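Peer 1: Before I ask anything, here is the structure I am working with.
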Amino acid sequence: MVLALVWQPYFSPVSILAGAGVLAALALVAAVRSYRLRRGLSVAALLMRWVLIAALTVLLLGPSTLPASDTRPTRPTLHVVLDTSQSMQQADMDGLPRVVFALRRWLSDERLDALRAAYDVRLHRFDSTLGPLSALPDPEGDEAELASALAGGRTTDLAGSVRGLTAQARGGGGGDGSDDGSGVLLLSDGHDLTEQPMAPVGALARAKGLPIYAVPLGGPLLQQDVAVAASASQSYLLAGEEGRVRVRVLQSGADQDQTTLRVRSGDEDEQTFAVHFDGSPSVVIDVPVERDDVGLHEYVVEADALSDEVETGNNRMSVFVEVTDARLKVLLLEGQPYWDTKFLAQSLRKDERVELTQITQVSLTRRQRLVTRADADAVEVPTTLEGFAGYDVVIVGRGLEDLIDAETAALLPRYVSEAGGRLLFSRGQAYDAETPAGRAIGRELAVLEPAVWGRGLLHGRKLDVTDSGASHPGFAFVVDEEADESVRVLAALPELSVVPVVQRVKAAATVLAEVGAAGAVGGGGGEGAGGGQPVVAAMPYGRGMVVGVLGEGLWRWKLKARDRPELQGVFDRFWSNMVRWLAMGSDFQPGQDMALRLSSLTAPIGEPVNIDAVFRYRVETPPADLVITDPRGEERVETLRAASNSAVRLTSVFTPELPGTYRVELRPKDGVEEGGGGGVESRFQAFDLNVERLSSAARPEIMTVLAERSGGAVLDPYEPAVLLETLERQRASAVVPPTPKPLWDTPWVMTLLLVWAGAEWIMRKKGGLL
C-alpha cells in the first residue's frame, strides 16, 4: 500500500529553510568550540543535532497523510411514491389521466430499470394512507380503466403520507447530516384534503436526509359542481320547539356563481335560501325547523344545479329530525327554601314541556311535596339509583343535609356517571360545610362540583357572560338580541346577592358566566374562564353532565323585570333553556330507558357509522336485536357487542355501501316487555359526496414547498430523463473530500523526536561537554 502524502507548510518554505540553516550553523559553531576537548564526541553530537534540525524542518513543511478514497460500491435507496387518489383521474396531462401519464412517462419498465441500475428502488402508493405499490399494471391498457383501477382513493392525506414515509425510511441523514444519496421521487398533483402545512413535513424529511424530488402533475382545470352536506344540530326536538339543520353548500369551479338552496319536509312549505359563493369554497346556512307532530321527520335539502354542471347526484340529500312530545321529568330538592328556589320552581311550572316534582324541607318536622303535570301519589326522595334515573334532570338547592342523608347523596354521582343523569346546583354550595352532616354530604358530592370552594363570600357582584356562555342556550336572552340590546340587558341585570369565593375551577369545567372577584380568585382552570369569579359553570362527569350556579340572587332578575321591560322573561328563559339543554344532551329521550346513538345521521358511503345501544341499567344480554334496513328495503341483523368499560352500552359498526336512507331499529326480542326498554328507531342518510373529485385542481405550490424545504428539487413532469442527472448531482454535492492528517500529530513521531533529543543531551552531559 503506497502512503499518499500532501505538504501543508506552517510558514513560508523559504523561512523554514532559512531558519534551519541558521540552526545548523549555530550547531557547527558549538561543535568547533568543543572539538579540542572531545573530538569524536563533538562530531557525533553535531551529527545528531543536524538530524534533529532536519527532522523539525521536514515536520514544519507539513507532511500529512491522505486517507485512501473508499471505492466500495453503494446502492442508496430511492423511494418512488405515486398518488393514487381519485383526483389523479383528471385527464389534463396531454389528454391523459394524471396517473396514467405518471405510469407511462415516469414508471415505465425502461425508466425503472435505469433507476434500479444505481438505486434500490422501492415503490409506494398513497391516498388516505401510505402503502406499498406491489405491482404496476400494463401502462398500455385502456386509459380510463387504468385510471379507475389505480387511482381509486376517495381522499388524500399527502402530508401524513410523506411524514409516515419519512418515519419508516432509513434515509441518508443518520442524524449527523451525512447523505448517502437516498431520496424520494413524489408523483402527485399536490391535492391534500387535510390542508396541513407542508413546510414542517419538508423540514422533517431534510433532517432525515431524504430530499424530495417532486413531480407536479395536472393543471388548474376544474369542472363546475355544487354539492350539499347537511346535519341536524340537535339529537332530538321537543314538539313545538325550534331547532335547526346546518347545511354546507360546497362548490368547485363556481367561485363567482350563485345557486338556490331548497329545504322541504312532508306537506310543509318549501324554504328557499339564496347562496352566493363570492370566491368561497363553501357556504354554511342554518335552516330553522319546527314540528308539532311526533316522530322521525325527513328534511330534503337540495341545491339547484349550475348552468354547466354535469354531476348533479350530489346536489341533494336528506336529514332526519326526531321530535318527541314526552315531558322532561325534573326533580327539585331543597333543604333551605328561599326566593331563588321559589321563583325557579314557578318558572319551570310555566313550561308545558316540564313535569316538575318539588320536595322541600320547610321546617324540621314538615316536608312539602309539589307535583306538576304528574301523578302526585306517594312522592318521596328517591333512595335507589333506579329512582333517581327516573328523572331527566335533578336540581339541588341548599341545605341538603336537612333533606337527605349521606347514603342517599352517594347515589347522585352514580346517577350522573352511570345512568347518564343531569344534575344542576341551583344555589352554589348545596350543603353546610360547618356541620358534620353537611360535611358528610359534601364528601359525596365533591366529585360533581365544577369548582373547588375557597373561603369567604362576595356580595353585590354583577354578572358577565363569557365567550363560552355567549353561545350557550342558557344565555340565549343575550345572544338573541341585537348588539346594543344585549348590552342593555346585561347592564340591567341586578347584582347577585351572595357568591361564595371559588378557589379554582376544575379542569374539565367550562365557565359560562362570571362576576368581578376583586382579587378573590386566582384564575380558573376551566375552558372559557376569564379573570373574574366563576358563577355559572358546566362540567361533564362520566356519561352525564353537571351545571353549577355558584351563587345566589338570580331571583332578583324576576323582581327587577317589573320595572325594566328589557328584562321581561329573562329569568324564566334562563332556567327553562338551561334545563332543556341539560335534558336534551342526555343519551335518552324523556321517559326512555333504552336509546340508539349513531355517530352521524349523515355519512358518506364507504365510511363506517358507529351505532350504540344505550341502556339506563346494567344489561347481561341484549334485550333487543339491532336491525338495519337499507335503501332497497332489505333487512339485516347486526351483532351488538359490549363496549369497553361499560355495562350499559352495546356497540356495532355498520358501513353503508349504497346512497339513500337507512333505518336502524332496536327491535325487542320475543318475551321482552315494553318496560324492558321498548323498541326504538333511528335513521341516517348515506350520500356519495366525493370531495376528492369535486376539487381536483392541481396544487403545484404544495409540491414546491415540500421539495424546497426537504433539500430536493421540483422536476418538469415532461422531462423524466433529468431525474438521474439530478440524483447524481445531489450525490456528488454531498461527497465530503478526505481530510489530511499531519504526521507530527502521531505518537510515534513525537516519541522518536523526544528520544533522539534526549539521547543527544545525555551523550553531551556524560562526555563533559555541558
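Peer 1: Given the structure, is GLU434 in a loop (DSSP other than H, G, I, E, B), within 22 Å of PRO337 (Cβ to Cβ) and over 35 Å from the mean Cα position of the chain (by Cα)?
Peer 2: Answer is yes for this residue.
Peer 1: For the range 438-458, which residues satisfy the criterion of being open to solvent by 50 Å² or more (accessible area, probe 1.4 Å) and modelled with pLDDT of 90 or more?
Peer 2: Taking the range 438-458 first, the residues open to solvent by 50 Å² or more (accessible area, probe 1.4 Å) are 439, 443-444, 447, 455, 457.
Hits for the range 438-458 are ARG439, ARG443, GLU444, VAL447.
Peer 1: Would you confirm, using the coordinates I've provided, whether ARG291 is closer than 23 Å to ARG327 by Cα and either of a type in the set (A, V, I, L, M) or in contact with a strand residue (DSSP E or B) (Cβ under 7 Å, 6 or more places away or on another chain) (or both)?
Peer 2: yes
Peer 1: Moving on. Let me confirm something: among LEU130, LEU103, LEU115, which residue is modelled with pLDDT of 85 or more, more than 20 Å from ASP189 (Cβ to Cβ), touching a helix residue (DSSP H, G or I) at 6+ places or on another chain (Cβ under 9 Å) and not charged (D, E, K, R)? Lay out the reasoning, then the answer.
Peer 2: On the way: LEU130 fails: more than 20 Å from ASP189 (Cβ to Cβ); LEU103 fails: more than 20 Å from ASP189 (Cβ to Cβ).
One residue alone meets the criteria, LEU115.
Peer 1: On to the next question. For SER128, all conditions in the list (1) assigned to a loop (DSSP other than H, G, I, E, B); (2) open to solvent by less than 70 Å² (accessible area, probe 1.4 Å); (3) out of contact with any Gly (no Cβ under 8 Å at 6 or more places or on another chain) hold save one; what is the number of the exception?
Peer 2: (3)
Peer 1: So, of the residues in the range 193-218 that are free of Cβ contacts under 8 Å to residues at least 60 places away in the same chain and either of a type in the set (S, T, N, Q) or assigned to a strand (DSSP E or B) (or both), which turns out to be surrounded by the fewest Cβ atoms within 10 Å (Cβ to Cβ)?
Peer 2: THR194
Peer 1: Filter the range 586-599 down to residues that are modelled with pLDDT of 75 or more and either part of a loop (DSSP other than H, G, I, E, B) or open to solvent by less than 20 Å² (accessible area, probe 1.4 Å) (or both) and give me whichever is farthest from PHE320 (Cα to Cα).
Peer 2: Applying the filter and picking the extreme gives ALA595.
Peer 1: Only one of these conditions is not met by THR260: (1) open to solvent by 50 Å² or more (accessible area, probe 1.4 Å); (2) not in a loop (DSSP other than H, G, I, E, B); (3) not hydrophobic (A, V, I, L, M, F, W, C). Which number is it?
Peer 2: Here THR260 meets the rest and fails (1).
Peer 1: Shifting gears a bit: One residue is enough: does the range 318-325 have a residue meeting the conditions farther than 30 Å from ALA274 by Cα and not acidic (Asp, Glu)?
Peer 2: Scanning the range 318-325, I find at least one residue that is farther than 30 Å from ALA274 by Cα and not acidic (Asp, Glu), so the answer is yes.
Peer 1: Mind checking whether some residue in the range 300-312 is more than 31 Å from the chain's Cα centre (by Cα), at pLDDT below 80 and within 21 Å of ALA686 (Cβ to Cβ)?
Peer 2: yes
Peer 1: Return a yes/no flag: does the range 70-81 have any residue that is under 30 Å from GLY209 (Cα atoms), outside any helix (DSSP H, G or I), in contact (Cβ under 8 Å) with a residue 60 or more places away in the chain and open to solvent by 70 Å² or more (accessible area, probe 1.4 Å).
Peer 2: Scanning the range 70-81, I find at least one residue that is under 30 Å from GLY209 (Cα atoms), outside any helix (DSSP H, G or I), in contact (Cβ under 8 Å) with a residue 60 or more places away in the chain and open to solvent by 70 Å² or more (accessible area, probe 1.4 Å), so the answer is yes.
Yes/no per residue for (1) within 30 Å of the chain's Cα centre (by Cα); (2) open to solvent by 40 Å² or more (accessible area, probe 1.4 Å):
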residue: ALA537; (1), (2): yes, no
residue: VAL549; (1), (2): no, no
residue: ARG556; (1), (2): no, yes
residue: TRP575; (1), (2): no, no
residue: MET578; (1), (2): yes, no
residue: TRP581; (1), (2): yes, yes
residue: MET584; (1), (2): yes, no
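Peer 1: Within the range 263-278, how many residues turn out to be part of a loop (DSSP other than H, G, I, E, B), open to solvent by less than 70 Å² (accessible area, probe 1.4 Å) and touching an Asp or Glu at 6+ places or on another chain (Cβ under 8 Å)?
Peer 2: 2
Peer 1: Every residue in the range 555-571 that is acidic (Asp, Glu) and either under 18 Å from GLY460 (Cα atoms) or part of a loop (DSSP other than H, G, I, E, B) (or both), please.
Peer 2: If the condition is that a residue be acidic (Asp, Glu) and either under 18 Å from GLY460 (Cα atoms) or part of a loop (DSSP other than H, G, I, E, B) (or both), then ASP563 is the only one that fits.
Peer 1: Can you tell me which of (1) within 33 Å of the chain's Cα centre (by Cα); (2) at pLDDT below 90; (3) of a type in the set (Asp, Glu) is the one ASP109 doesn't meet?
Peer 2: With (1) within 33 Å of the chain's Cα centre (by Cα); (2) at pLDDT below 90; (3) of a type in the set (Asp, Glu) applied to ASP109, the lone miss is (1).
Peer 1: Please work out which one of (1) modelled with pLDDT of 80 or more; (2) surrounded by 11 or more Cβ atoms within 10 Å (Cβ to Cβ) is the condition THR751 fails and give its number.
Peer 2: So THR751 meets the others, but not (2).
Peer 1: Another question, then. Test THR602 against the stated conditions and say whether it is open to solvent by less than 30 Å² (accessible area, probe 1.4 Å), at pLDDT 80 or above and within 26 Å of the chain's Cα centre (by Cα). Show your work before the answer.
Peer 2: Values: open to solvent by less than 30 Å² (accessible area, probe 1.4 Å): yes; at pLDDT 80 or above: no; within 26 Å of the chain's Cα centre (by Cα): yes.
Against the criterion (open to solvent by less than 30 Å² (accessible area, probe 1.4 Å), at pLDDT 80 or above and within 26 Å of the chain's Cα centre (by Cα)), THR602 does not qualify.
The values are calculated or read from the model by the stated rules, or taken from the named source; none is laboratory data. Since the model is a prediction, treat every value here as computed from it, not as a measurement. Methodologically, a virtual Cβ is constructed for each residue, glycine included, from the backbone with ideal geometry; neighbour enumeration extends over all protein chains shown. Remember, those area values only see protein heavy atoms, side chains included, never the ligands or the DNA or RNA. Shrake-Rupley method; radii C 1.70, N 1.55, O 1.52, S 1.80 Å.
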